[in-house]
Amino acid sequence: MWRGDGNIRKWHVDAAVTKSWADHSDSEAIFGFTKAQQGEWLYPSLANWNKYGVDYGLNKQYYNGDTHYSGLNSKNTGAIYGALKNHFTFGHGLSLDAEAYSVEFHGPYTYGETVPVSNGYAGAEKYKHLDNYKDLPGYDPAVSKLTSVEVSDWYTLSSGLTLTGRWKHKFNTLSLTYWYSYAQEAASQNFYPVNGKGEWSAHGAPLTANGGQLISEDNENGLQQLNSFAVDDKMVFLNGRLTIDGGIRMAMANRQYTQDLPGVTGSNYKSIKNVFVPAPQVLISYRFNPQHQIYVNGTTGYHLPASLSSQLSSYSYSTGKATSLPMSDYKPEYMITEEVGYRYSGLLTANVAGFHYNVTNHQVSAESYEPGSTSTISQLINAGGMEAYGIQAELATHPWHHLSFYASGQYMHTKNGNNIAYEGDYLATKGKQEVGAPKFSGSLGLTYNDGLWFGNFTLQYTDSQYSTLMNDQSIPSYVSANLAVGRQLPKIGRVRPKIRLNLVNLGNNHYLSSMYGYTTNAQTQHGIVTGKAFSGSQPTYVIASPFVVMATISADF
């Protein structure tokens, strides 16, 4: 790992087998497997970034109470996936695409924690002492908390089927699509004591209280079923110059979650939600001649609320209270977008477009560290309405003496449409800029390829970005530059090898690239109804990669 202590290892394999049945009819079986192990990245607050900079990370040496020790923090993940894709043509313009798939992801993650020896909680039930606490490794009667490692085990399993039938007749192509998905997920936690050397074992007994109750903040089980129907009609007129494409997708989702922790009952124990979302769209383009085209798009899209944190709470082992709250207004995020643009393809290629979009029930994910821990608390916020408009442009040249040039840029203005409800009051977020949305961004690129040598240089600019809904904290703008150079190597039989050298962040610029966890306010703010003071909560950030040199050897055959 490039900052802090720890390593990254990854194993991956994928494969595909294709069978052609007849002209324009084939099947493909796809399989993949991934296993990864790495230390935990730590995401700094602005104060931590200003103090530690790029050195903010896990510690190599353990001291008593050190939850940032690398031996306690890791991500061990795996994935297995498979799919069977089929495309069949039946003549008379009729065709069918059918795909069955299944994907499984699993953990566990581990985090450093400090668990109360006395007067803590197992779920929502209080305990007087941890079971056999005097015999636990690392126990110190002078310290009220026991350094532990949280083993957060989890898995998700998602399977489904998609069917798309098409009928192409003269100027018209009609498509009908059905998608069914069934998904399960589960997550549980066990805590294990850490001895004075920072050692622990998952084969030992986890921490318990009240005569055998497991210490846990989260023990979720959930399932989701989704049915989606779509119809699309594409029509081409005037010898292919005018295209009109319109359709609608309708999604129905059912979610059921339970929080199986001691003392959690009623609506805090089980939550069932049903959602129906229609998403229409229309795409129109007109080509005056091979060089000039205009287009108008009107599209809609949705995003379902993020799983458990939107429906049920996790519970603190220190207070027995919810560390996050379900969404009070459980609705999917919905976006309506309009775009008008012009494309040119001649001596060079260019595109310029103006866009506007409106979002309702905008979802913002607030991630914060639990006190005395490297584990995070997730809170999904319904930030209400949000609007944005802007312009984007691209320009690229054709190769000239093997060189070509590219440039792009975007201006985007955003504003929140309402004051957000917050702890029985409202914060004055109306008119504020959207979090994580730079006003200006752009890039320049230069590419060379003579068939033997190849390379490209890119220069990217990203404007400052707010990290709180109240716009009282932000990260500054930054510039980064990357260079890649490569060469085709002599053929070895049918094998065509090549070597490539990538130089990332040429200036070794140290900067924060984005937000890991947003918050409503970083400084003390007052409610607009009662005037109540709300103390700030610090956002966390992603530290950009430093200067990196990476060489790759690959081959086609």
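The values are calculated or read from the model by the stated rules, or taken from the named source; none is laboratory data. This is a predicted model, so every value here is computed, not measured. Every residue, glycine among them, receives a Cβ derived from its backbone with ideal geometry; neighbour counts consider all protein chains shown. When the accessible area is computed, the model is the full protein with side chains, heavy atoms only, and any ligands, DNA or RNA have been set aside. Shrake-Rupley method; radii C 1.70, N 1.55, O 1.52, S 1.80 Å.
Can you check what the net charge comes to around Ala522, using other residues whose Cβ is under 15 Å from the Cβ of Ala522 (Lys, Arg +1; Asp, Glu -1)? Summing Lys/Arg as +1 and Asp/Glu as -1 gives -1.
Averaging over all projection directions, the Cα-based convex hull of the chain occupies 30.7 nm² in the image plane. Converting phi to 3J(HN,Hα) with the Karplus coefficients 6.51, -1.76 and 1.60 and the offset θ = phi - 60°, segment 314-326 yields 8, 10, 6, 6, 8, 10, x, 9, 5, 8, 8, 10, x Hz in sequence order, with x at every glycine or proline.
The charge dipole of segment 478-557, taken about its Cα centre with unit charges on the Cβ atoms of Lys, Arg (+1), Asp and Glu (-1) only, comes to about 520 debye. Sequentially through segment 80-93, phi angles give Karplus couplings (6.51, -1.76, 1.60; θ = phi - 60°) of 10, 9, x, 8, 10, 9, 9, 10, 10, 10, 10, x, 6, x Hz, Gly and Pro residues having no value and appearing as x.
Sorting 159-167, 359-367, 527-535 by their mean Cβ neighbour count within 10 Å, with the most densely packed peptide first, gives 359-367, 159-167, 527-535. Scanning residues 5 or more positions from Ser477 or on other chains, those with amide H under 5 Å from its amide H are Ser464, with H placed 1.01 Å from N in the peptide plane.
Rounded to the nearest whole Hz, the Karplus-based 3J(HN,Hα) values (6.51 cos²θ - 1.76 cosθ + 1.60, θ = phi - 60°) of segment 375-388 follow the sequence 7, 9, 10, 9, 10, 8, 10, 8, 8, x, x, 8, 10, 8, with x at glycine and proline. Counting only the Cα atoms, segment 95-151 fills a convex hull of 132 Å³ per residue. About its Cα centre, the chain has a charge dipole of approximately 1240 debye under the convention of +1 per Lys or Arg Cβ and -1 per Asp or Glu Cβ, with nothing else charged. Report the local net charge at Gln433: Lys and Arg +1, Asp and Glu -1, summed over other residues whose C-beta lies under 9 Å from its C-beta. It works out to a net charge of +2. Placing pseudo-labels 7 Å out from each Cα toward the beta carbon at Tyr269 and Ala306 gives an inter-label distance of 2.8 nm. When the inverse distances between all different Cα atoms of segment 1-116 are averaged and flipped, the Kirkwood radius reads 18.2 angstrom.
The residue list Ala396, Gly354, Tyr133 was ranked by how far each Cα lies along the charge dipole of the chain toward its positive end, using unit charges on Cβ atoms, and Ala396 comes out on top. Counting charges near Ala122 (Lys, Arg +1; Asp, Glu -1) among other residues having Cβ under 13 Å from its Cβ returns a value of -3. Database remark: amide H of Ser324 closer than 5 angstrom to the amide H of Ser314 (H placed geometrically; neighbours at sequence offset of 5 or more, or on other chains; Pro and chain starts carry no H). For Lys270, the lysines whose Cα falls under 27 Å of its own Cα, not counting residues fewer than eight places away in the same chain, are Lys126, Lys321, Lys331. What the chain shows is 52 Å² of accessible area per residue, with the surface traced by a 1.4 Å probe over protein heavy atoms. Calculated translational diffusion coefficient of segment 480-529 (25 °C, 0.890 mPa s; Stokes-Einstein with Kirkwood radius over alpha-carbon pairs) equals 151 µm²/s. Between amide H atoms placed 1.01 Å from N, distances below 5 Å from Lys145 occur with Val117, all of them 5 or more places distant or on a separate chain. For segment 383-542, the equivalent ellipsoid derived from the Cα gyration tensor has semi-axes of 46, 17, 12 Å, listed largest first.
Under 19 Å from a label point set 7 Å out along the Cα-to-Cβ vector of Leu446, the amide N atoms of segment 474-495 belong to 479-487.
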